[in-house]
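First up is the structure itself, then whatever we jot down about it.
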Amino acid sequence: MFEGNSLQVTRLDGDIAELKFDRKNESVNKFDAATLGELKAAGALLAADTTLKGLIVTSGKDVFIVGADITEFGKSFQLPEEEIAKWAVETNKIFSTIEDLPFPTVTAINGIALGGGFEMALSTDYRVISAKAAIGFPEVKLGIIPGFAGTVRFARLCGADNAIEWIASGDQKKPEAALPIKAVDAVVPPEKVRDAALKLLALAQNGAFDWKARREQKKGKLKLGPIEAAMVFETAKGFIAGKAGKHFPAPVAAVTAIQKAAGKTRDDAIAIEAATFAKLAKTQAADSLIGLFLNDQLLKKKGKAYAKIARPVKQGAVLGAGIMGGGIAYQSAVKGTPVVLKDIADPALALGMGEANKLLSAQVGRKKLTPEKAGAVLASIRPTLNYGDFKGIDVVVEAVTENPKVKKMVLADAEAAVRDDAVIASNTSSISIDLLAEGLKRPENFLGMHFFNPVHKMPLVEVIKGAKTSPEAVATIVAYASAMGKTPIVVNNCPGFLVNRILFPYFGGWSLLLRDGADYQKIDKAAESFGWPMGPSYLQDVVGIDTSHHVGDVLAEGYPDRMGKEFRTALDVMYEAKRYGQKNGIGFYKYETDPKGKPKKVVTPDTYALIAEVQPNGTKDYSDEEIMERLMIPMIIETARCLEEKIVDTANEADMGLIMGVGFPPHLGGALKYADAIGLANLVEKCAKYASLGKLYEPTPTMKAMAAAGSRYYPL
């Protein structure tokens, strides 16, 4: 009946039509403008055929529809708000045409159906889902809300409370969560989805199910009394606002849209959703979060390219069984790659194995693993005191103390013990990869693999190329990091690599603020209000004052013009007082244990006395705006330097490194995305305001040229 590039319509026996989504030359189905155009034509064809008595909607892929093509629709967000809203209203007419067909309709959800994919399924009367499928509304994670009537149909079908929970969370849901609330009507094994959909359609045709009543329910007003509505919506908005935070307006906006549309029928309710969608599409949060999604797609694409030349990793090894080594061994084993954990003493091995066991026990406690599975994972980590079995190792990760002499010795021993084609990586946060490679016979098989602490939580791994590192070694470590569930970013060797090199100018701005009399608590509060998960003083405590002091020395030597130590800092004071932060219970804050066993920070008056030692001109009050400018500008400039010096390939990767490595505020999208939002001309003006503070605030010549030309790091 209809043949397009993305979908086909076929007449089946019994005057039934099958609308199948099956994009040619693609692995998944998604909604782009062309697909919507084909759906519009197919809908018109179905509506005009007076001989049809039913419709099933299916997929020819392993998934149903993964959602809208954000790479295409994201570009349309540059349009004025009114035009975006108008586009949403017009696009919704396509789905309403399917909903209004004069016969019963059923969707067979055989795999993932997210966002627009699930909204397509909601436009039919009934849904049959595979037991292995997943559905949901991920839009709030992109800073927007459903735009194809998800807030309208789902709320009327499943109730306001369920709609609020599903849409405001953005989480994927399993069939067992969907069936009780009538989001789907049947759950069947994957191979029976299409047949079950046909049976359900036959039952609807025969009157066993009142499909007209179901349809009127979705098209009518929300069945909720005014008192009940006020309680449901106002309570939800307060809770969600507290959880989402002020920088992420989409979850609360979704609730408000459902609330405003509660007393409206379908088309008027869709207009309210469209207006809300359009307003959110113009926010910085949406721009940044969509940008992060696209950045992630770029990293995945690069990862696939590396995978083509990577050497297989069937057996790993970790040298150094401390907390970090134990964490790396756990991460490798829990994701399926067995690992040998080596150290030079039994107590050290016990510490590393204890760390792995603790992490596995926590997974069992959260019901993420069964005790049997956890036991099998722990058994795949083999502790050893010697190199006896290292000939079978494919990748070695060295995680001993951050000392070049010790690392060089351990690396040489490891190289002598493994096969000639084994790849060796150092988990170093600051030591030059080329320096560590000096004593190796096969430097082409050596590089950096910098994990962030705690390993099991932090998603980023920096893969650091040395001057002699081979492409195959890089690809192997990228593939290994991906297999461990991490996001690898490949960077070139330099002091601090990418993330620490950019983070420490931020700390440099913080040190200058403290020197000039700022209150450390006010700085922390300003940073947290800005969107950082913790302020810089608190972050220093978490990182470890001794660790930060050491890395700061490395960077001061590497970049003396802007990171050199010209005065005694608050960090120096804490280090000299042996206040190392959370690791020994006191730093800028004192740490007590809360009822859950986690460290809780407490303010102590003596911190002010210590900081006063490095405030020659006493204290001074600063506005939050000035605090954040003085913190953020050095970070932006250093990120630009890393890009200009080819330490990192793209602005996308630089920004993702900051988001995943140090918790850069996601709603700002990364340092370079934030620079675009400020505008480079404005940024250069702000730099001039702080020129007296030194090189840390001096924009690069390239930044100045881009500002003059009106250029951006991310072209519109």
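Overview of results
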quantity: Exclusive hit being modelled with pLDDT of 95 or more and under 19 Å from Val9 (Cβ atoms), set Ala121, Ala85; calculated: Ala121
quantity: Selection within region 88-134 - assigned to a helix (DSSP H, G or I), within 13 Å of Val57 (Cα to Cα) and touching a Leu at 6+ places or on another chain (Cβ under 6 Å); calculated: none
quantity: Flag if Glu26 is acidic (Asp, Glu), more than 24 Å from Arg127 (Cα to Cα) and modelled with pLDDT under 95; calculated: yes
quantity: Counted residues, region 213-254 - those being part of a loop (DSSP other than H, G, I, E, B), more than 29 Å from the chain's Cα centre (by Cα), surrounded by 17 or more Cβ atoms within 10 Å (Cβ to Cβ) and at pLDDT 95 or above; calculated: 0
quantity: Test result for Glu72, loosely packed, with under 13 Cβ neighbours inside 10 Å and either modelled with pLDDT under 95 or acidic (Asp, Glu) (or both); calculated: no
quantity: Pick from region 340-366, criterion over 21 Å from Lys407 (Cα atoms) and among the charged types (D, E, K, R), ranking: surrounded by the fewest Cβ atoms within 10 Å (Cβ to Cβ); calculated: Arg366
quantity: Any hit, region 38-61, residues being surrounded by 19 or more Cβ atoms within 10 Å (Cβ to Cβ), at pLDDT below 95 and farther than 23 Å from Leu157 by Cβ; calculated: no
quantity: Leu52 under 22 Å from Ala257 (Cβ atoms) and part of a loop (DSSP other than H, G, I, E, B); calculated: no
quantity: Matching residues in region 659-716 - criterion: being outside any helix (DSSP H, G or I) and in contact with a His (Cβ under 8 Å, 6 or more places away or on another chain); calculated: Pro665
quantity: Yes/no for Arg641 being at pLDDT 95 or above, crowded, with 24+ Cβ neighbours inside 10 Å and either under 27 Å from the mean Cα position of the chain (by Cα) or within 30 Å of Ile659 (Cβ to Cβ) (or both); calculated: no
quantity: Residue count, region 605-632 (criterion: at pLDDT 95 or above and loosely packed, with under 11 Cβ neighbours inside 10 Å); calculated: 6
quantity: Per-region count, region 261-270, residues crowded, with 16+ Cβ neighbours inside 10 Å and either assigned to a loop (DSSP other than H, G, I, E, B) or within 31 Å of the chain's Cα centre (by Cα) (or both); calculated: 4
quantity: Contacts under 6 angstrom Cβ, first residue in region 513-529 being farther than 14 Å from Leu571 by Cα, partner basic (Lys, Arg), 6 or more apart; calculated: Gly517/Lys620
quantity: Looking only at region 575-610, and only at residues there that are under 18 Å from Lys522 (Cβ atoms) and aliphatic (A, V, I, L, M), the one that is nearest to the chain's Cα centre (by Cα); calculated: Val602
quantity: From the options Lys182, Lys199, Lys218, residue that is assigned by TED's automatic domain parsing to the domain that holds Ala168 and on the phi > 0 side of the Ramachandran plot; calculated: Lys182
quantity: Residues within region 285-324 that are assigned to a helix (DSSP H, G or I), assigned by TED's automatic domain parsing to the domain that holds Leu351 and not hydrophobic (A, V, I, L, M, F, W, C), tallied; calculated: 0
quantity: Filtered residue count, region 474-510, keeping only those that are crowded, with 23+ Cβ neighbours inside 10 Å and more than 26 Å from the chain's Cα centre (by Cα); calculated: 3
quantity: Failed item in (1) surrounded by fewer than 22 Cβ atoms within 10 Å (Cβ to Cβ); (2) more than 26 Å from the chain's Cα centre (by Cα), with Met534 passing the rest; calculated: (2)
quantity: Asp519 at pLDDT 95 or above, charged (D, E, K, R), touching an Asp or Glu at 6+ places or on another chain (Cβ under 9 Å) and over 30 Å from Asp649 (Cα atoms); calculated: yes
quantity: Pairs, first without any contact (Cβ under 8 Å) to a residue 60 or more places away in the chain in region 224-253, second aliphatic (A, V, I, L, M) and part of a helix (DSSP H, G or I), C-beta under 6 Å, six or more apart; calculated: Lys237/Val252; Lys237/Val255; Ala241/Val252
quantity: Thr10, sole failed condition from (1) closer than 24 Å to Trp87 by Cα; (2) in a strand (DSSP E or B); (3) polar (S, T, N, Q); calculated: (1)
quantity: Residues located in region 537-554, provided they are modelled with pLDDT of 95 or more and among the aliphatic types (A, V, I, L, M); calculated: Leu539, Ile545
quantity: Residues of region 376-415 classified as surrounded by fewer than 20 Cβ atoms within 10 Å (Cβ to Cβ), at pLDDT 95 or above and under 30 Å from the mean Cα position of the chain (by Cα), total; calculated: 4
quantity: Strands (runs of 3 or more DSSP E) enclosed by region 380-494 - at least 1 residues per element that are at positive phi and of a type in the set (Val, Ile, Thr); calculated: none
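For every residue, the table says whether it meets (1) crowded, with 24+ Cβ neighbours inside 10 Å; (2) free of Cβ contacts under 8 Å to residues at least 60 places away in the same chain; (3) of a type outside the set (S, T, N, Q).
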site: Leu101; (1), (2), (3): no, yes, yes
site: Pro104; (1), (2), (3): yes, no, yes
site: Phe118; (1), (2), (3): yes, yes, yes
site: Ile129; (1), (2), (3): yes, no, yes
site: Glu139; (1), (2), (3): yes, no, yes
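The values are calculated or read from the model by the stated rules, or taken from the named source; none is laboratory data. Remember, it's a predicted structure, so these values are computed and weren't measured experimentally. Heads up, the Cβs are rebuilt from the backbone with ideal geometry, glycines too, and the neighbour counts pull from every protein chain shown.
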